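J.: This is the structure I want to talk about, given as structure tokens.
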Amino acid sequence: MPELSRRRALTAAAALAATAGAQTVARAATPATAGDGHATGSASAAGSPAAFDEVYKGRRIQGRPTAGGGHHGGGHGGGHHDSGYAVFVDGVELHVMSNADGSWISVVSHYDPVATPRAAARAAVDELRGAPLLPFPAN
């Protein structure tokens, strides 16, 4: 039987840690709450999250499914992959992405997955701490 090398031990430990982390994120990403205890609304008939429009900490946040079928069209550089859902903070688009486990991340808080696009918008407002959201360049 081959001797267990340091490299193999570290690889096995990393794989176990990644699996445990993915399970934790999946449990935290329940569709019923936004991670802050607030109900997030139900999904639309097409399976995408419900639209929202609210004021959160003095900032207007909005979200709605897009008709693009998962790709930007027209003036956004065409062919750029997106989530099929648009989120805005004070009228400026916040780029969001859904992960394979059902969680969502944004360009502002991409290291902290949340359960819904609404929660991603709220996390972005928290992270911005009053600063304006600047438009994200398409290419």
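J.: Kindly provide the set of residues from the stretch 95-125 that are aliphatic (A, V, I, L, M) and without any contact (Cβ under 8 Å) to a residue 12 or more places away in the chain, ordered by number.
T.: Ala100
J.: Name the residue, out of Gly35, Gly41, that is buried (at least 17 other Cβ atoms within 10 Å of the Cβ), among the small types (Gly, Ala, Ser) and at pLDDT below 95.
T.: Checking each option against the conditions leaves just Gly35.
The values are calculated or read from the model by the stated rules, or taken from the named source; none is laboratory data. Note that the structure is a prediction, hence the values are computed from the model and not measured. In this analysis, Cβ positions are derived from the backbone assuming ideal geometry, glycine residues included, and neighbour counts consider all displayed protein chains.
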